[in-house]
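I have placed the structure first, in the form of structure tokens, so that the comments after it can refer back to it.
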Amino acid sequence: MDHPALPPRPSLRHFDHCPWLYADQATEEQRATQRDVLRAIGGDTEIGERCYVAESAAVFPDRLRLGDDSYIAAHAYVTGELSTGPHCTLNPFTTVRGDVVLGEGVRIGAHTSLLGFNHTMSPDRPVHQQPLTSRGIRIGDDVWIGSHVVVVDGVTIGDHCVIGAGAVVTKDLPAWSVAAGNPARVLRDRRGDAGAATPASGVRREDGRASGGVSATVSGVGGSERGAGTRGPGPSPLALARFAEAARAQVAEVLDRCWDGERYVGRPGVAPTVRAHCDAVEIAALLLGTVPEQLSAGEHVERLRGLQDPKSGLVPEFGETVPTADDDGFIGEGAALYHVLCVGYALDLLGTALPHPIAGVRDMTARQLLVRLDSLPWDTGAWGAGAWIDSWSTAAHWNLRHGQAGDATVESLFGWLLTRADPWTGMWGTPSAQAGRLQVVNGYYRLTRGSFAQFGLPVPHPERVVDAVLDHARDARYFGSGQENACNVLDVAHPLWLSTRQLGHSTDGYRSGEIRDWAERQLAAVLPRWRPGQGFGFGPGTAGPGPEPGLQGTEMWLAITWYLADLLGRSDELGYHPHGIHRPEPARQGTRTPT
């Protein structure tokens with residue numbers, strides 16, 4: 001008897017165009033080929049379980065987080081920074097570029113473009129020379145986008161939306177919208193016609209899975225969760241709470257990973273540093289309210305206090321000698337400058353203090369201070385100038401606790417700063433064609449952290465500061481897709497926070513909508529960057545310690561997350577509050593020695 005021939009196994013080309021068949025029908029050889037395809041994807045990439053990426057797709061991300069049971073089909077084009085929840089599909093010939101975040105169960109039709117970046121259009125230069133900007137695209141859970149749709153930069157699409165084929169989405173869409181047209185407009189509420197046919201032809205639910213429920217990112221900390229559409233693109237309360245819960249549960253593993261058996265390292269494989277020990281203390285205090293378990297509280301105190309040189313009051317790096325002071329008695333650069341901050345605040349969190357005053361600051365006259373301030377590299381290195389003031393003023397703060405600082409010298413610092421602030425920007429220093437406002441804004445953060453914020457004094461020209469910082473935050477070189485590092489984001493978030501608190505925080509405050517939009521986008525992007533059991537990396541590229549998770553990135557991004565959430569009035573959802581270097585409250589009120 002003749003038996004009917006078995007249907008042939010689908011080819012890889014078949015799976016590329018019909019990837020929903022892959023999980024059930026692929027051979028082991030085809031699965032091995034797919035593993036090779038996934039390994040070959042560049043950038044900072046994490047792929048969930050049972051995912052498929054077509055070999056014919058052009059996937060060149062700076063950062064990719066693909067949730068479980070998701071796929072990228074044939075000839076799709078993906079660049080920039082894409083993060084998806086589970087059960088998301090990019091069908092054939094889709095284009096996803098820039099900064100794009102998808103929730104759970106998002107279906108993207110063939111030939112659709114999600115363009116999370118843009119060019120400026122200044123008339124003073126050709127288009128091809130214009131810088132890029134990126135506000136990002138945020139798409140909620142259970143969203144169905146038809147074929148040949150275009151979604152432009154800055155758009156948020158709420159949960160449960162359906163968008164008809166050929167639509168051009170230029171403005172936010174509320175949850176449950178059925179929208180179509182060019183420009184897209186809301187036709188009706190999806191809940192009012194449940195089960196009716198939609199205009200989004202060209203998309204099908206190939207796997208038949210439901211997309212309800214609470215989503216979770218690849219990292220497992222809920223970065224793509226959404227509420228019912230009442231919020232913007234920021235994470236839902238559940239997402240923030242789950243992130244903090246996951247971080248708290250994993251922090252012991254994060255710290256142990258950076259303990260070499262004797263001392264703390266910034267990340268595995270590098271040499272121990274003083275800062276790494278201080279970061280470990282900050283992280284444990286922030287999330288656990290206790291000390292890192294590798295040492296007892298007394299051992300932490302003994303080690304950190306023992307690092308300070310009794311004569312100069314400085315803390316050199318491990319294996320290095322005490323740096324030589326300049327003519328005015330204080331140092332101008334090097335790790336010991338930052339150790340004034342990190343060792344001092346680590347000991348403060350441990351309930352004690354540096355045992356000795358910082359001599360170079362204690363003995364400096366007002367005249368010497370003013371000469372130093374005038375000589376700082378304001379035109380070429382405003383960040384370094386701000387960092388020096390941060391260190392000097394923090395040393396003065398510790399010395400005031402010892403009763404060994406001249407009040408008049410500290411007041412001279414604030415007098416110089418108030419008379420030198422640029423009334424057009426509220427800042428110090430000069431932007432450049434090469435770096436834009438980077439040096440000025442980053443230097444502003446360091447300068448004001450150690451001076452005005454630490455001493456509880458108002459900053460000059462806060463509205464102009466907001467203007468300058470928001471302008472800088474649009475610079476795609478530092479805030480384009482996948483470009484953000486911890487320093488650059490913190491150095492925008494803190495000045496915005498400091499200025500808005502001074503101006504009066506309210507939903508109708510000075511440029512509050514733009515501030516909230518920026519904070520929401522950044523917060524939604526931060527949470528998926530947490531690596532389970534490893535923490536946060538500092539950021540892409542070679543700046544700072546780089547992308548590998550470690551103590552510095554973890555300490556900084558945890559604080560950044562709090563500031564971003566607080567700009568939105570939502571920091572209570574995290575259940576933690578910085579109390580160390582990045583504390584929001586002043587460490588003291590005014591410049592006088594307590595009596």
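The values are calculated or read from the model by the stated rules, or taken from the named source; none is laboratory data. For clarity, every value in this text was computed on a predicted model and none was experimentally measured. Cβ sites come from the backbone with ideal geometry, for glycine too, and all protein chains shown count toward neighbours.
Go through the range 294-318 residue by residue and tally those that are free of Cβ contacts under 8 Å to residues at least 12 places away in the same chain and over 12 Å from LEU354 (Cα atoms).
Just the residues of the range 294-318 that are free of Cβ contacts under 8 Å to residues at least 12 places away in the same chain, to begin with: 295-296, 298-299, 302, 306.
Within this subset, residues satisfying the condition of being over 12 Å from LEU354 (Cα atoms) are 295-296, 298-299.
Here the count works out to 4.
Give the range 76-106 a look and list any residue that's in contact (Cβ under 8 Å) with a residue 24 or more places away in the chain, within 18 Å of LEU21 (Cβ to Cβ) and not in a strand (DSSP E or B), or say none.
Result: HIS87, ASN91, PRO92.
Here's a check for you: in the range 439-490, which residue that is small (Gly, Ala, Ser), in a helix (DSSP H, G or I) and over 28 Å from ASP44 (Cα atoms) is farthest from the chain's Cα centre (by Cα)?
Per the stated criteria, the residue is SER451.
Please determine whether any residue of the range 122-136 is among the hydroxyl-bearing types (Ser, Thr, Tyr), touching a helix residue (DSSP H, G or I) at 6+ places or on another chain (Cβ under 6 Å), part of a strand (DSSP E or B) and surrounded by 24 or more Cβ atoms within 10 Å (Cβ to Cβ).
no
Determine if the range 465-484 includes at least one residue that is in the same structural domain as GLY550 (by TED's automatic domain parsing) and farther than 30 Å from VAL100 by Cβ.
So far as the range 465-484 goes, yes, one or more of its residues are in the same structural domain as GLY550 (by TED's automatic domain parsing) and farther than 30 Å from VAL100 by Cβ.
For the range 413-438, what are the residues that are surrounded by 20 or more Cβ atoms within 10 Å (Cβ to Cβ) and part of a loop (DSSP other than H, G, I, E, B)?
To start, the set of residues in the range 413-438 that are surrounded by 20 or more Cβ atoms within 10 Å (Cβ to Cβ) comprises 413, 417, 425-429, 437-438.
Passing the criteria: THR425, GLY426, MET427, TRP428, GLY429, ARG437.
So that you can scan it fast, the table gives a plain yes or no per residue for (1) closer than 30 Å to PRO528 by Cα; (2) hydrophobic (A, V, I, L, M, F, W, C); (3) buried (at least 17 other Cβ atoms within 10 Å of the Cβ); (4) free of Cβ contacts under 8 Å to residues at least 24 places away in the same chain:
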residue	(1), (2), (3), (4)
VAL440	yes, yes, yes, no
TYR444	yes, no, yes, no
PHE455	no, yes, yes, no
HIS461	no, no, yes, no
ARG464	no, no, yes, no
GLY482	yes, no, yes, no
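One residue is enough: does the range 85-100 have a residue meeting the conditions surrounded by fewer than 23 Cβ atoms within 10 Å (Cβ to Cβ), charged (D, E, K, R) and in contact with a Ser or Thr (Cβ under 6 Å, 6 or more places away or on another chain)?
There is at least one residue in the range 85-100 that is surrounded by fewer than 23 Cβ atoms within 10 Å (Cβ to Cβ), charged (D, E, K, R) and in contact with a Ser or Thr (Cβ under 6 Å, 6 or more places away or on another chain).
Taking VAL343 as meeting all but one of (1) at pLDDT 95 or above; (2) surrounded by fewer than 19 Cβ atoms within 10 Å (Cβ to Cβ), write down the number of the exception.
That leaves (2) as the condition not met.
Those residues that are part of a loop (DSSP other than H, G, I, E, B) and either within 13 Å of PHE15 (Cα to Cα) or in contact with a His (Cβ under 9 Å, 6 or more places away or on another chain) (or both), I need them from the range 26-42; list them, please.
ALA26, THR27
Which members of the range 147-158 meet the condition of being surrounded by fewer than 24 Cβ atoms within 10 Å (Cβ to Cβ) and under 24 Å from the mean Cα position of the chain (by Cα)?
Matches in the range 147-158: VAL152, ASP153, GLY154, VAL155.
Of all the residues that make up the range 43-72, how many are touching a strand residue (DSSP E or B) at 6+ places or on another chain (Cβ under 6 Å), closer than 25 Å to GLN534 by Cβ and not in a strand (DSSP E or B)?
5
Pick from the range 107-121 the residues that are in a strand (DSSP E or B) and of a type in the set (S, T, N, Q): which of them is nearest to ARG135 (Cα to Cα)?
It comes out as ASN118.
Go through the range 50-74 and give me each residue that's touching a Gly at 6+ places or on another chain (Cβ under 9 Å) and farther than 25 Å from GLU484 by Cα. Give the steps one after another, and end with the answer.
At the first step, the residues of the range 50-74 found to be touching a Gly at 6+ places or on another chain (Cβ under 9 Å) are 51, 59-70.
CYS51, ASP68, ASP69, SER70 - these are the residues of the range 50-74 that are touching a Gly at 6+ places or on another chain (Cβ under 9 Å) and farther than 25 Å from GLU484 by Cα.
With under 25 Å from the mean Cα position of the chain (by Cα) and of a type in the set (Asp, Glu) as the only criterion, which of GLU46, GLU29, GLU55 stands out? Please lay out each step first, then the result.
Values: GLU29 fails: under 25 Å from the mean Cα position of the chain (by Cα); GLU55 fails: under 25 Å from the mean Cα position of the chain (by Cα).
Criteria check complete, one pass: GLU46.
Search the range 325-371 for residues being part of a helix (DSSP H, G or I) and more than 26 Å from ARG303 (Cα to Cα), and hand back the single one that is farthest from the chain's Cα centre (by Cα).
Only one residue fits best here, namely ARG367.
I'd like to verify a number: residues in the range 402-425 that are under 28 Å from ILE560 (Cα atoms) and in contact (Cβ under 8 Å) with a residue 60 or more places away in the chain, how many?
Let us first name the residues in the range 402-425 that are under 28 Å from ILE560 (Cα atoms), namely 413-414, 417-418, 421-425.
From what is left, the residues that are in contact (Cβ under 8 Å) with a residue 60 or more places away in the chain are 414.
The number of residues fulfilling the criteria is 1.
Tell me, which residue of the range 488-532 that is farther than 22 Å from PRO235 by Cβ, surrounded by fewer than 20 Cβ atoms within 10 Å (Cβ to Cβ) and touching a helix residue (DSSP H, G or I) at 6+ places or on another chain (Cβ under 8 Å) is modelled with the lowest pLDDT?
For the range 488-532, the residue satisfying everything is SER506.
Here's the yes/no breakdown for (1) closer than 25 Å to GLY426 by Cα; (2) crowded, with 22+ Cβ neighbours inside 10 Å; (3) among the basic types (Lys, Arg):
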{"residue": "HIS339", "(1), (2), (3)": "no, yes, no"}
{"residue": "ALA359", "(1), (2), (3)": "no, no, no"}
{"residue": "ARG362", "(1), (2), (3)": "no, no, yes"}
{"residue": "LEU370", "(1), (2), (3)": "yes, no, no"}
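Just wondering, is there one or more residues in the range 252-259 that are assigned to a loop (DSSP other than H, G, I, E, B) and either over 24 Å from ALA519 (Cα atoms) or modelled with pLDDT of 95 or more (or both)?
Scanning the range 252-259 turns up at least one residue that is assigned to a loop (DSSP other than H, G, I, E, B) and either over 24 Å from ALA519 (Cα atoms) or modelled with pLDDT of 95 or more (or both).
Could you tell me which residue of the range 256-279 is nearest to LEU574 (Cα to Cα), considering only residues that are of a type in the set (A, V, I, L, M, F, W, C) and in contact with a Phe, Trp or Tyr (Cβ under 8 Å, 6 or more places away or on another chain)? Before the answer, list the steps.
The initial filter retains those residues of the range 256-279 that are of a type in the set (A, V, I, L, M, F, W, C), namely 258-259, 265, 270-271, 274, 276, 278.
The next check asks that each one be in contact with a Phe, Trp or Tyr (Cβ under 8 Å, 6 or more places away or on another chain); those that pass are 258, 265, 271, 274, 276, 278.
Values: CYS258: 24, VAL265: 27, ALA271: 32, VAL274: 28, ALA276: 24, CYS278: 22 Å.
Across the range 256-279, the extreme among qualifying residues is CYS278.
Given the criterion surrounded by fewer than 19 Cβ atoms within 10 Å (Cβ to Cβ), at pLDDT below 90 and among the polar types (S, T, N, Q), identify the matching residue among THR290, THR324, THR230, THR217. Explain how you work it out, then say what you get.
Working: THR290 fails: at pLDDT below 90; THR324 fails: at pLDDT below 90; THR217 fails: surrounded by fewer than 19 Cβ atoms within 10 Å (Cβ to Cβ).
Going through THR290, THR324, THR230, THR217 in turn, just one is surrounded by fewer than 19 Cβ atoms within 10 Å (Cβ to Cβ), at pLDDT below 90 and among the polar types (S, T, N, Q): THR230.
When you go through (1) buried (at least 23 other Cβ atoms within 10 Å of the Cβ); (2) under 13 Å from the mean Cα position of the chain (by Cα); (3) not in a helix (DSSP H, G or I) one by one for ILE581, which number turns out not to apply?
The failed condition is (2).
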